[in-house]
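Step one of this worksheet: look at the structure below.
The values are calculated or read from the model by the stated rules, or taken from the named source; none is laboratory data. Since the model is a prediction, treat every value here as computed from it, not as a measurement. Please note: Cβ atoms are built from the backbone with ideal geometry, for glycine as well, and neighbour counts cover all protein chains shown.
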Amino acid sequence: MKTVDRKENRTRRHARIRKQISGSAERVRLCVMVSNKHIYAQLVDDDKAATLASVSSSGKDGVGRKNAEGAKLIGQKLAEIAKEIGVKNIVFDRGGYKYHGRVKAIAEAVREAGFKF
């Protein structure tokens, strides 16, 4: 009997999601990664295989908080950067995580900034 491996299950869910969505120059992919220590979000153009912008709760651009409040700040900061670089449309990639808590906070903050996905 195989034991349940949470990381492997998330990776499989993410692979299923990525079969259906991809980012392009017209519609950039907002990719979210959540760990126990930090929250990461980035805008990716899959056609060019390039990261256009990234924000995290760690590092020099970090907001320092790893809870839902921090996730909301990350979403707001990423939306500001997206507007600066001229991104208009976004497709949301939840990365295999459930759409609640920190993942939902990032998505709602980006939506409040005027992006639709």
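Here are a few things to note about the model shown:
- Within the range 68-95, tally of residues that are surrounded by 17 or more Cβ atoms within 10 Å (Cβ to Cβ) and charged (D, E, K, R): 4
- Any hit, the range 28-45, residues being over 15 Å from residue 102 (Cα atoms) and at pLDDT below 90: no
- In a residue-by-residue description of the range 44-52, the property of being assigned to a strand (DSSP E or B) and touching a helix residue (DSSP H, G or I) at 6+ places or on another chain (Cβ under 8 Å) applies to at least one position.
- Answer residue from the range 62-106, given it is touching a residue at least 60 places away in the same chain (Cβ under 8 Å) and in a helix (DSSP H, G or I) and is farthest from residue 46 (Cα to Cα) among those: 102
- For the range 108-117, the criterion of being in contact with a helix residue (DSSP H, G or I) (Cβ under 7 Å, 6 or more places away or on another chain), more than 20 Å from residue 34 (Cα to Cα) and either without any contact (Cβ under 8 Å) to a residue 60 or more places away in the chain or surrounded by 14 or more Cβ atoms within 10 Å (Cβ to Cβ) (or both) is satisfied by at least one residue.
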